[in-house]
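This report concerns only the one structure given below.
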Amino acid sequence: MRKIIILMTILWGVAINGAIAAPQAQGLGTQSPDEEEKLDNAIEQLGYISGAAFQCAKLNNAPSLERDVMRVFSGITRLFGSDRAFFYAAAYGAGATASIDRNKCADYTRQFQQAIQKETLE
């Protein structure tokens, strides 16, 4: 239960402008379609930010960031299943290969670091 609440906090914290709210931990098995969609969108958004942060990472920082990304991926897989982990991985790939504005690298890195500072999924 605590892990679910922690991951939901991470996903909520990454949401842009607070528009995506985390669903209640008790209702995970019986979420409405809107709550399911919000969770999927938050996971995808976190994946994109993770990929963009990786793209911005310096060569010496990339292995550390990769480990963090794998921990997040593993946590999503354990808590929400492989379908949602795939959403994260696909969005990560999009963020890692997209043409991004290099002036926003500090924002991507900061958002990702803020998300994983709250993460205790091990």
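Readers should treat all values here as calculations from the given coordinates under stated rules, not as data from a laboratory. Just so we're clear, the structure is a prediction, and the values are computed from it rather than from any experiment. Heads up, the Cβs are rebuilt from the backbone with ideal geometry, glycines too, and the neighbour counts pull from every protein chain shown.
Please say if segment 72-122 is rounded, prolate or oblate, where rounded means a/c under 1.5 for a ≥ b ≥ c the square roots of the C-alpha gyration tensor eigenvalues, and otherwise the choice is prolate for a/b larger than b/c and oblate otherwise? Since a/c reaches 1.5 but b/c is at least a/b, the shape of segment 72-122 is classed as oblate.
Using the average count of surrounding beta-carbon atoms within 10 Å as a protection proxy, the listed peptides 84-92, 101-109, 71-79 rank, highest first, as 84-92, 71-79, 101-109. Judged by the ratio a/c of the largest to the smallest principal axis of the C-alpha gyration tensor, segment 50-102 counts as oblate, that ratio being 1.5 or greater while a/b is no larger than b/c.
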